[in-house]
1. Scan segment 448-492 for residues that are more than 46 Å from the chain's Cα centre (by Cα) and open to solvent by less than 50 Å² (accessible area, probe 1.4 Å) and jot them down.
2. Report the residue count in segment 184-221 for those that are more than 15 Å from residue 118 (Cβ to Cβ) and of a type in the set (A, V, I, L, M).
3. Residue pairs, Cβ under 8 Å, 6 or more apart or interchain, first in segment 76-103 and free of Cβ contacts under 8 Å to residues at least 60 places away in the same chain, second outside any helix (DSSP H, G or I) and surrounded by fewer than 16 Cβ atoms within 10 Å (Cβ to Cβ). List them.
4. What residue, among those in segment 249-260 that are in contact (Cβ under 8 Å) with a residue 12 or more places away in the chain and in a loop (DSSP other than H, G, I, E, B), is nearest to residue 215 (Cα to Cα)?
5. I need every pair where a residue in segment 261-282 that is farther than 14 Å from residue 241 by Cα has its Cβ under 7 Å from the Cβ of a residue that is of a type in the set (A, V, I, L, M) and open to solvent by less than 50 Å² (accessible area, probe 1.4 Å), sequence separation at least 6 or different chains.
6. If you go through segment 87-101 one residue at a time, do you hit one that is open to solvent by 40 Å² or more (accessible area, probe 1.4 Å), under 30 Å from residue 207 (Cβ atoms), modelled with pLDDT under 90 and not in a helix (DSSP H, G or I)?
7. Mind listing whichever residues of segment 317-357 are closer than 21 Å to residue 403 by Cα and open to solvent by less than 40 Å² (accessible area, probe 1.4 Å)?
8. Report the residue count in segment 407-451 for those that are touching a residue at least 24 places away in the same chain (Cβ under 8 Å), more than 30 Å from residue 188 (Cα to Cα) and of a type in the set (Ser, Thr, Tyr).
Amino acid sequence: MIVHALLAGMLLNPLGDGVQPTADQPSADERTAANASAASASDAQLAPDPVQLNLEPPAAQQQAPGSESAADAQPSESLPILTLAQAMDEAQKNNTTLEKARTQLSQAELYSRKAWASYLPQITLAASLTHNSDPTATVNQQPIMATDAITQQMGGPYLISVASSDYSMEVGKNVFGAQVSFQQALIVPQLWAAIRNTYIAERVVNLTVENARREVLFGVSQLYISAATLKETIAVRKRMLANTEAHEKDARFRFEAGTIPKIQLIRAQIDTVNAQQQVLQAENNYMTAKLALATLIGRNVVDFDVETPEEVQPPEGNEEELIQRAAESRPDVVSARDSLKMAELGMKQALYAYLPSLFFVASYQWGRPSYWLSDSMEALMDASGQSLREEDKWTQKWSVGLAFSWTIWDGGAREVAVKENDAKIAAAEADLRGAESKVREEVKSAIVSLNSARSNIINAKEQLRLARENSDMVNVNFNAGVATQLDVSDANTSLIGAELNLIAQTMQAQISALTLLKAAGLFEPPAPGSSEKGTESSGGSGSVKAGTDDQKGGEAKGNEAGAEQPEQTQAAPPAPANAPETVPPPAEASPAAETAPAAPANEPASAP
């Protein structure tokens, strides 16, 4: 999961520890957020077909960053904004995984029709045409039974004896016959269970498609949040670059005035170069996140920018209530429950094979006569004096009845089917238990992750407050000549680390809330086309506010050398000991942070 990747990055290289990341080794949040962008699609197992992507590098990447222009560059100002609702809508239309799922849904809608076809009337037309090379057959002194055509002329079956001479019978060169058969199943127990099973199978496929849709759109939400967070880190890095450039100018002025040694000027120049490289690294990470998002939504060109989405509101209720909701509404759990019903009906279908079946049958036949007497028998006359030779004409007959079928022994196939379905029931029961266990684990894990992220946000805000205070004091001392450029660099490193840490922890809290919605079965993405109608996604749509007001307003002032910082109000206290049982309310931002104006990204720090 993206949250796991983010936590791993935080543990391996925590921010704000006084170590400044270089261009070759980016900061933990940038690295983990970029890794999380790629991990979100793979964790959801939603791998769309690769597409050709036209990556246009931002303007800031097309030119080498200078001390004046790097901070002012806006790589994606001219690109149109792609909202989260629009990204979800495009994914539902263009994602190849969902296209395949919709194809399976179309096939599932035919299951019941296929099963009913065996119970509906069956009409069969059969015809035959026989050509005989020798239509004459000779019989030697044998009596014949006058049937068919002869019977029709003589009034009944008679034996015609020929004492002394042979006679022949013509069967005709071309003999044609046709038959129409009708069959209607009346009592077929096996079909009863099969028809019921198909309706459940259609529902299972519908639930599978819905689960795939939610997984895809959950991945879209994760990638969008990651991209919005990385975009915000660019602004933080640019503020840091503007600050280091201002300090470099001041250090150059003091060095030329002879008040500081050259080593402090070199240190300021090194800080500026590192800040420029970190801006480029942040922009590259942002482009990578947009690339992953474009692939998931089916775009061939990364020609969009993202915005800060709305904040995700976690579901209300305690742990057991959320688990109960998930068991009732999550598509994968409901699908596992229906699969168990299918296995049980499969067992009934196997047992019903021992019962007899009853059909109504009817047929209608017509054709040319199959034989008539040859010319040598024309002398034979009936009582009325007519010839017994059959004329070349059509005959017709029909029949109706009931057909009873009962298989007594089929070689043991029914016994094998019973054992096979018994194993399927056991497997379906295990799958259902596994799905319910997975629900409990995911809900509990999401609650713990959300509580941890909110606690980390409180700590990150306190760390940012201390880093700002430390930066202000160092700037004052630097202006007074009692602090060195190394002290200023360390203070700036701590400040930028605290800002990025707060951004990362805020992103983790929002994704944890999104994960809890999904785990509880309350992540309900908008229907396709909702963004075109201007509808907003619901609380479970994955919209999130990637940054906090502290980062948007107060941080700009905190980066200015010598600027006074307003005292921040503490956030909500930590959750009680039983916090995992109930989702705590979100931590509220301070009023001062909410009203603080945002400084421009290219605003340099005040020169001492």
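1. Those that are more than 46 Å from the chain's Cα centre (by Cα) and open to solvent by less than 50 Å² (accessible area, probe 1.4 Å): 471, 472, 474, 475, 478, 483, 485, 488, 489.
2. Residues that pass the stated criteria total 10.
3. none
4. The selected residue is 260.
5. Short answer, once both residue conditions are applied: 264/251; 265/251.
6. No, there is no match, as no residue in segment 87-101 is open to solvent by 40 Å² or more (accessible area, probe 1.4 Å), under 30 Å from residue 207 (Cβ atoms), modelled with pLDDT under 90 and not in a helix (DSSP H, G or I).
7. Correct list: 353, 356, 357.
8. Summing the residues that are touching a residue at least 24 places away in the same chain (Cβ under 8 Å), more than 30 Å from residue 188 (Cα to Cα) and of a type in the set (Ser, Thr, Tyr) in segment 407-451 gives 2.
The values are calculated or read from the model by the stated rules, or taken from the named source; none is laboratory data. Predicted, not measured: the structure shown is a model, and the values here were computed from it. Quick reminder, even Gly has a Cβ in these numbers, built from the backbone with ideal geometry, and neighbours come from all protein chains shown. For accessibility, only protein heavy atoms count, side chains too; no ligands or nucleic acids. Shrake-Rupley method; radii C 1.70, N 1.55, O 1.52, S 1.80 Å.
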